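For reference, the structure is listed below as structure tokens.
Only the coordinates and a few stated rules stand behind these numbers; no lab work does. From a predicted model like this one, the values you see are computed outputs, not experimental measurements. Every residue, glycine as well, gets a Cβ built from its backbone with ideal geometry; the counts of neighbours run over all protein chains shown.
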Ligand SMILES: [Zn+2]
């Protein structure tokens with residue numbers, strides 16, 4: 001199934017428009033943890049107790065190292081959840097953008113590119129003559 005080049009370019013524009021409309025986004029994943037505190041007498045140290053939490057944190061890789069962020073309140077957590085969700089949407093759109101570009105590359109006739117090359121060569125030879 002070969003789609004016409006014009007259709008492919010329209011699809012690409014539609015994907016780019018969606019990327020433009022994305023809200024703030026950030027990479028990382030949000031996980032919930034439960035744990036024990038420093039007080040040995042606290043209920044969290046009793047057997048079969050769930051411990052404190054859940055505490056949510058965001059982890060992401062920065063130059064190969066895992067960076068952890070915690071949230072002061074549920075509003076901050078929800079904001080981060082939206083931002084991470086938007087990042088997943090961005091990744092999905094970026095993949096679609098790559099796929100459509102690959103189709104466009106295959107559909108693009110060579111003549112158009114050859115024409116552009118000829119123009120460039122002409123302007124550079126003009127520069128040489130001017131010297
Ligand atoms: Zn405790």
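Filter the range 42-58 down to the residues that are within 9 Å of the ligand (Cβ to nearest atom) and more than 20 Å from residue 77 (Cβ to Cβ) and list them by number.
42, 43, 44, 45, 49
Looking at 58, 93, which one is in contact (Cβ under 8 Å) with a residue 40 or more places away in the chain and in contact with a helix residue (DSSP H, G or I) (Cβ under 9 Å, 6 or more places away or on another chain)?
93
Consider the range 8-41. How many of its residues are in a loop (DSSP other than H, G, I, E, B), touching a residue at least 12 places away in the same chain (Cβ under 8 Å) and within 16 Å of the ligand (Cβ to nearest atom)?
2
Which residues, taken from the range 15-28, are surrounded by 12 or more Cβ atoms within 10 Å (Cβ to Cβ) and on the phi < 0 side of the Ramachandran plot?
Residues satisfying the conditions are 15, 16, 18, 19, 22, 25, 26, 27.
For residues in the range 59-69 being in a strand (DSSP E or B) and surrounded by fewer than 12 Cβ atoms within 10 Å (Cβ to Cβ), which is nearest to the ligand (Cβ to nearest atom)?
68
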